[in-house]
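> What follows is a single structure, and I will ask about it in a moment.
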Amino acid sequence: MIKIPILAAAGLALLIMPFVASAATLTLPADASVAVHVIDELTLDDETPRQDDILLSPAGGDSAASHALPEYCVLVGNARLDGERVRITAQALTCIEAKGEESEIFSGEISAAAYEMDGSYGVDACDDGRCELTPEHVFQLKLASALDIEQQDNPAARINEQRRQAEGAGIANPIPAERPDPDQ
């Protein structure tokens, strides 16, 4: 048997731990497509041919998309009138993926453009120069480059852990044993 000093073993454990307990990553390959829709109605015309900072969210359950984002995501993009189509590009996203009582937060940049579900470029939502896009209109965002976002710090998870410990679910603050009141 090989004897390893205790301090050396502890140091080795600390070196190995970051590889074992690495943070989660939200990953999608380049050219992946995800089904989305606008959160608020969008109207573009000759007087308002562009709108920045529009909000999009995933439209789950669509089979034409190659990938799916977590259910709770908000994407930020820009829209502009382009002939009889609306060009939409997405630049940022924030997603929360819930797993039981735990949740993971991902926030970062994305480079994606909108396509109709049939694969044609831009969103077909125009009639006689006026484009109206409603939350019911589902389209695809195709990624221009791979998405690789590390999990962000989640202060709410720490607060929830402290709450569970305060309620007796954790070791740090167990529920005291029931004892008779000495004043009675």
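The values are calculated or read from the model by the stated rules, or taken from the named source; none is laboratory data. Keep in mind the model is a prediction, meaning the values are calculated, not measured. SASA here: full protein model, heavy atoms, side chains in, ligands and nucleic acids out. Shrake-Rupley method; radii C 1.70, N 1.55, O 1.52, S 1.80 Å.
> Please calculate how many Å² of accessible area the range 34-112 carries per residue, with a 1.4 Å probe and no DNA, RNA or ligand atoms counted.
54
> Could I ask something else about it? Give, in nm to one decimal, the length gained when the segment between Ala92 and Asp40 is fully stretched (0.36 nm per residue of separation minus the Cα-Cα distance).
Result: 17.0 nm gained on full extension.
> Above 20 angstrom, tally the Cα pairs of the range 34-122 and express them as a % of all pairs, no decimals.
Percentage above 20 Å: 38.
> Now, a different point. Once you wrap a convex hull around the alpha carbon atoms of the range 97-165, what is its projected area averaged over all directions, in nm²?
If you wrap the Cα atoms of the range 97-165 in a convex hull and average its projections, you get 7.5 nm².
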